[in-house]
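Chemist: Can you keep this structure in mind? I'll have questions shortly.
Every number in this text was worked out from the coordinates using simple rules, so none of it is lab data. These numbers were taken from a predicted model, which means no experiment stands behind them. Cβ atoms come from the backbone with ideal geometry, glycine included; neighbour counts cover every protein chain shown.
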Amino acid sequence: MFLDLNDPGLLRQQALINGAWLDADNQQTLDVINPSSGQVIAAVARCGTLETRKAIAAAEAAQLTWKQYSARQRGDLLRSWFESMLEHIDDLAKILTAEQGKPLAEAKGEIAYGAGYIEWFAEEAKRIYGDTIAAPDSDKRIVCIKQPVGVVACITPWNFPNAMLTRKLAPALAAGCSVVCKPANATPLSAYAIAELACRVGIPDGVINILTGVTSEIGAEMTSNPKVRKLSFTGSTEVGKQLIEQCAGTVKRTSMELGGNAPFIVFDDADLAEAVKGAIVSKFRNAGQTCVCTNRLLVQETVYDEFVQLFQKAVAELTIGDGFDEGISIGPLIDAGAAADVRGFIDDAIAKGATSISDQTITEGMPETFVAPVILTGATPDMRVFSDEIFGPVAPVFSFKDESEAIALANDTTVGLACYFYTRDIGRIWRVAEALEYGIVGINEGLISNPMAPFGGVKESGQGREGSKYGMDDYLEIKYMCMGGINS
Ligand code: SIN
């Protein structure tokens, strides 16, 4: 294998069902392609309805035992899994870069970030608390306990093949749930590699099941099978809405981390050098392919030209290329279709009067998955870059007059995941933070994701929170017990 792994056993290509690595029943496979080179790097099992049903049955049986493990036992196993991921960080990062394209250093960062969720929830497993509640009658007592939801189905995206999975698996397992996961077909190898490590550290058979294949079949079985009690999805708002509808038939709980349209507001009292640093990290992380990436830069008109000048200088320093090459800051987009969509945003904005001030010749001769970072000045709300998620390295810069216009522009969207603003005025910090209709607010900060903080959005950006002390609640049911006859 050309990846030159220290531990080639991590490169799994079969589905994991009930602790066994299996081909699809019909032996079919799906190619996994390196988006930098177009090379086929693996062929994974192409599973469908029957394999999904088997995985769900295995998860149901395994959960009966898993929920009886003590919180400490579950926490200890998660801790060993976390440590094993860090031991294998170099191999896991290579696998991630090969299938997803992001620069190797960024891939290592993702492995540490993803492992961080496992570490966090290994500890939180021991902190599942119930309640006693004052009863209305003297011969009654009220007690609430928390119990695992049961079998959880997880569907995860290609942009963070490691961290989006651990962010669901870790709280689910800590709570005592078992899981059936469907990673994106474009990036299944990272999921299989961490599942291999989970098996090695002793997480029991059937507690984690992972399969790739025919998305519509796997999704339909996950959402309709009554044994599945919860679905957790990260992906587009459009698909999230369909899954919520499909889950209604069996009244499953859902957690949804859906699309964003993050504004990044720069007020005229901001530290512009810091604002530029924040804009670079929040716009170009993962080549602009994150749900929390800045989508719209909103800059106060009095500092518009100065900000754009500094931003242009910083963007010119970004390097684009194969994620395995030294010093690369931006890799390819996931596939040619994604790159064509992003180019469509640029064309639409230019046709409506925006100006591109970046050097787009830097990707000449590269495969079509590479899109050069682009700044669009003179952006206006009638452009698609204002209303739709770009998911690529395109930075449209809009201007505003005052605070109330900035807030109105920022909130003028159907979604509400992350937003950012830069100002040194303490009163404005509170006013603006409270007025923004978003689940996550970066204030003088462009990098907001970490396992200790609640990640999630409002409006059409989804339901539920991942990570933090709140993240476990999504995997627990509250059971109220009323005890009577106390005085007899
Ligand atoms: C996402 O794009 O859905 C997640 C990004 C993050 O965790 O920072």
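Chemist: Expressed as an acute angle from 0 to 90° and rounded to the nearest 10, what is the orientation of the C-alpha long axis of helix 336-351 relative to the principal long axis of the chain?
Modeler: Result, in degrees: 40.
Chemist: Where nothing but the Cβ of Lys and Arg (+1) and of Asp and Glu (-1) is charged, how large is the charge dipole of the chain around its Cα centre, in debye to the nearest 20?
Modeler: 2000 debye
Chemist: Name the cysteines of the chain that stand alone by the Cβ rule: no other cysteine Cβ under 4.7 angstrom.
Modeler: If one checks each Cβ against the other cysteines of the chain, 47, 144, 177, 199, 247, 291, 293, 419, 482 turn up with nothing under 4.7 Å.
Chemist: A follow-up question, please. May I ask for the angle, rounded to the nearest 10°, between helix 163-175 and the longest principal axis of the chain, with both axes built from Cα atoms and the value confined to 0 to 90°?
Modeler: It works out to around 30 degrees.
Chemist: Mind putting a number on the dipole of the stretch 1-111 about its Cα centre? Charges go on the C-beta only, +1 for Lys and Arg and -1 for Asp and Glu, and I need it in Debye to the nearest 20.
Modeler: Magnitude of the dipole: close to 460 debye.
Chemist: Give me, ordered by chain and number, the residues 5 or more places off residue 42 or on other chains with an amide H under 5 Å from its own placed amide H.
Modeler: 32
Chemist: Let me ask something else. If you keep only loop residues by DSSP, which trypsin sites (Lys or Arg not before Pro) in the stretch 395-447 have at most 11 other Cβ atoms within 10 Å of their Cβ?
Modeler: Those that pass, being in a loop and sparsely packed, are 401.
Chemist: Shifting gears a bit: As I understand it, the dipole of the chain uses +1 on the Cβ of Lys and Arg and -1 on the Cβ of Asp and Glu, about the Cα centre. Which of 458, 130, 351 lies farthest toward its positive end?
Modeler: Toward the positive end, the furthest listed residue is 130.
Chemist: Report the charge-dipole magnitude of the stretch 262-450 in Debye, nearest 20, computed about the Cα centre from +1 at each Lys and Arg Cβ and -1 at each Asp and Glu Cβ.
Modeler: The dipole of the stretch 262-450 has a size of about 160 debye.
Chemist: Select from 410, 328, 295 the residue farthest towards the positive end of the dipole of the stretch 262-450; place +1 on Cβ of Lys and Arg, -1 on Cβ of Asp and Glu, and compute about the Cα centre.
Modeler: Among 410, 328, 295, the one farthest towards the positive end of the dipole of the stretch 262-450 is 410.
Chemist: Also, quick follow-up: Would you kindly derive the ³J(HN,Hα) couplings of the stretch 481-487 from the backbone phi angles with the Karplus curve 6.51 cos²θ - 1.76 cosθ + 1.60 (θ = phi - 60°), listing them in order in whole Hz, with x for Gly and Pro?
Modeler: So the Karplus estimates, Gly and Pro as x, are 10, 9, 9, x, x, 5, 8 Hz.
Chemist: Which Rg and Dmax, in Å, describe the Cα atoms of the stretch 220-260?
Modeler: When restricted to Cα atoms, the stretch 220-260 yields Rg and Dmax of 9.6, 31 Å.
Chemist: Can you sort 182, 479 by how many other beta carbons sit within 10 Å, fewest first?
Modeler: Listed from fewest to most nearby Cβ atoms, that is 479, 182.
Chemist: OK, next. Where does each of 486, 56 land when they are ranked from fewest to most other beta-carbon atoms within 10 angstrom?
Modeler: Taking fewest neighbouring Cβ atoms as first place, the list is 486, 56.
Chemist: While we're here: Across the chain, where is the longest run that never hits chymotrypsin sites (Phe, Trp or Tyr not before Pro) in a DSSP loop with at most 16 other C-beta atoms within 10 Å?
Modeler: 130-469
Chemist: Could you work out how much longer the chain between residue 200 and residue 135 gets when fully extended? Use 0.36 nm per residue separation minus the Cα distance between them, nm to one decimal.
Modeler: 18.6 nm
Chemist: Name the residues whose placed amide hydrogens come within less than 5 Å of the amide hydrogen of residue 254, ignoring near sequence neighbours (fewer than 5 apart) on the same chain.
Modeler: The answer is 231.
Chemist: Output the Kirkwood hydrodynamic radius of the stretch 262-450, Cα pairs only, in Å rounded to one decimal.
Modeler: One decimal place: 16.5 Å for the Kirkwood radius.
Chemist: I've got another one for you. In terms of modelled amide H atoms, which long-range or inter-chain residues lie less than 5 Å from the amide H of residue 458?
Modeler: For residue 458, whose amide H was placed from the backbone, the distant partners under 5 Å are 416, 417, 439.
Chemist: Based on the alpha carbons, how large is the Rg to Rh ratio for the stretch 360-488 when Rh follows Kirkwood?
Modeler: That ratio equals 1.16.
Chemist: May I ask you to compute the full-extension gain from residue 382 to residue 347, defined as 0.36 nm times their residue separation minus their alpha-carbon distance, rounded to one decimal in nm?
Modeler: Net length gain for the segment: 11.3 nm.
Chemist: Also, quick follow-up: Once you sort the root eigenvalues of the Cα gyration tensor of the chain as a ≥ b ≥ c, which label holds: rounded (a/c under 1.5), prolate (a/b larger than b/c) or oblate (the other case)? Walk me through the numbers before you get to the answer.
Modeler: Numbers: a/c = 2.04, a/b = 1.31, b/c = 1.56.
Oblate, since a/c reaches 1.5 and b/c is not below a/b.
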